[in-house]
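Down below is the structure, laid out as structure tokens.
The values are calculated or read from the model by the stated rules, or taken from the named source; none is laboratory data. The model shown is predicted, which means the values in this text are computed figures rather than measured ones. Heads up, the Cβs are rebuilt from the backbone with ideal geometry, glycines too, and the neighbour counts pull from every protein chain shown. Just so you know, the surface numbers come from the protein's heavy atoms only, side chains and all, with ligands and any DNA or RNA stripped out. Shrake-Rupley method; radii C 1.70, N 1.55, O 1.52, S 1.80 Å.
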Amino acid sequence: MGRVSRRAFAAAALSAVTMMTAASSAPGRPMSGPVGAAGGRGTAAGAMRGVWLATVAGRDWPSRPGLSAAGQRAELIAHLDAAVRSRLNTVILQVRPTADALWPSPHEPWSACLTGTQGVHPGWDPLGTAVTEAHARGLELHAWFNPYRVAAHTDPTRLAATHPARRNPGWVVPYGGKLYYNPGLPEVRAFVEDAMLDAVRRYPVDAVHFDDYFYPYPVADQTFDDDAAYNTHGGAFPDRAAWRRDNIDLLVRETAARIRETRPGTRFGISPFGVWRNAATDPLGSDTRAGVQTYDDLHADTRRWARENWIDYICPQLYWLTQPLDRQVPANYAVLVDWWSQVVRGSGTKLYIGEALYKAGDPAQPAAWQDPAELSRHLTLATSCPQARGHVFFAAREVAADRTGAMARVVADHYGQPVPPLP
């Protein structure tokens, strides 16, 4: 697509919405069997139709900690089957939610989300099973890792006795009621890379996936205490923010290189918060008024990663409506689809759009989200921009339940037939 103004893009997108006609809703046969030697990857060009399957605090799966191994497996299979029924082609499974693991890791304990007690063997291999069963259904399996989050509390004694955060207390920073590994320590970066790459070495995952958590989201009146690390390692940088961004840049570049070395063909994708910087902060930024900017607050230069091809795909979380900006509406979906499309234009980085399925029918959300057709209109709008190569829905619980029929409307309007993922 040639360079267009945001206003022109929004006008074209809204025109596309009004002209939307439903695609055939006739049921198509799901893709069967793994396609491609690397696993579930399709051999023909398709599009991303993904879903996040979150395990932190049992958000999507398992339904409760301590469920039997057979019960956990049955629920996982049910989520994969729900993805196939919705003609999706990719499941992004959270396999390292709080510096613990959903596979037999030599680096970190078993995740508490499985048995209710961190470090207790669940009696099966969730990640291994997920890869095998996803590929058997023609689905890609992207392994989703959170690099630095350790716990949703600040008490190290509540972690498993073997947890690396207990064995290395100097690695950990309490902040905002949670525990985090310190991204400013080179030994921490090396460790988290080792821990994540172990899964890539063991299993033919189709991609490694990070979400939006790098340095933690700001908490009012609190300071992330990395003074000692900055004093030791930050001398070459003009300020602490530049040093912090370099720490995250190193994580991204090193992880990408190690994925290529460990399992060539496995991709690397990141799903950041949708606003890199507001235009009022930086003329290269988007026409938004977001209270968080990833570059400044999370020290994640997501625009650079995409433009310089450090990652294979970027999937910004564009969880806003297309309403005009005001105090209550800090960002606009159409504006951000356009902005991210310009970011990836001419690069080798694919753009997928993170979609807020979880807001559909939520009574706490604005009136537009009560309309089952709203999410489908977002996908129609995105077709005005060919750089947008697919969508990922948050999250699996809502795909399965579909309380207002919003997902069924997406399938009817846009997913008339199954398609393979993009190679």
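In the range 89-107, which residue that is open to solvent by 10 Å² or more (accessible area, probe 1.4 Å) and in contact with a strand residue (DSSP E or B) (Cβ under 9 Å, 6 or more places away or on another chain) is farthest from ASP198 (Cα to Cα)?
Start the filter on the range 89-107 by keeping residues that are open to solvent by 10 Å² or more (accessible area, probe 1.4 Å), which leaves 98, 104-107.
Still in the list and also in contact with a strand residue (DSSP E or B) (Cβ under 9 Å, 6 or more places away or on another chain): 98, 104-105, 107.
Details: THR98: 16, PRO104: 10, SER105: 7, HIS107: 8 Å.
Ranking the qualifying residues of the range 89-107, first place goes to THR98.
If I ask for residues that are assigned to a loop (DSSP other than H, G, I, E, B) and open to solvent by 20 Å² or more (accessible area, probe 1.4 Å), which ones from the range 51-86 would you list? Can you show your working first?
Residues of the range 51-86 that are assigned to a loop (DSSP other than H, G, I, E, B), as a first pass: 54-55, 59-68, 86.
ARG59, SER63, ARG64, PRO65, GLY66, LEU67, SER68 - these are the residues of the range 51-86 that are assigned to a loop (DSSP other than H, G, I, E, B) and open to solvent by 20 Å² or more (accessible area, probe 1.4 Å).
Kindly evaluate THR262 against the criterion of being of a type in the set (S, T, N, Q), at pLDDT 95 or above and touching a helix residue (DSSP H, G or I) at 6+ places or on another chain (Cβ under 6 Å).
Details: of a type in the set (S, T, N, Q): yes; at pLDDT 95 or above: yes; touching a helix residue (DSSP H, G or I) at 6+ places or on another chain (Cβ under 6 Å): yes.
Judged against the criteria, THR262 is a match.
LEU114 passes all but one of (1) in contact with a strand residue (DSSP E or B) (Cβ under 9 Å, 6 or more places away or on another chain); (2) open to solvent by less than 40 Å² (accessible area, probe 1.4 Å); which number fails?
Single failed check for LEU114: (1).
Report, by residue number, each residue of the range 233-271 that is in contact (Cβ under 8 Å) with a residue 60 or more places away in the chain, open to solvent by less than 30 Å² (accessible area, probe 1.4 Å), among the aliphatic types (A, V, I, L, M) and in a helix (DSSP H, G or I).
Residues satisfying the conditions are ILE248, LEU251, ILE259.
What pairs can you find where one residue is in the range 279-300 and surrounded by fewer than 21 Cβ atoms within 10 Å (Cβ to Cβ), the other is outside any loop (DSSP other than H, G, I, E, B) and among the hydroxyl-bearing types (Ser, Thr, Tyr), and their Cβ atoms are less than 7 Å apart, with a gap of 6+ or different chains?
ALA279/SER286
Do we have any residue at all in the range 156-169 that's open to solvent by 30 Å² or more (accessible area, probe 1.4 Å), closer than 20 Å to GLY269 by Cβ, touching a helix residue (DSSP H, G or I) at 6+ places or on another chain (Cβ under 7 Å) and of a type outside the set (S, T, N, Q)?
Keep residues of the range 156-169 that are open to solvent by 30 Å² or more (accessible area, probe 1.4 Å), which gives 156-158, 161-162, 166-169.
Right, trim to closer than 20 Å to GLY269 by Cβ and you get none.
Checking the range 156-169: not a single residue is open to solvent by 30 Å² or more (accessible area, probe 1.4 Å), closer than 20 Å to GLY269 by Cβ, touching a helix residue (DSSP H, G or I) at 6+ places or on another chain (Cβ under 7 Å) and of a type outside the set (S, T, N, Q).
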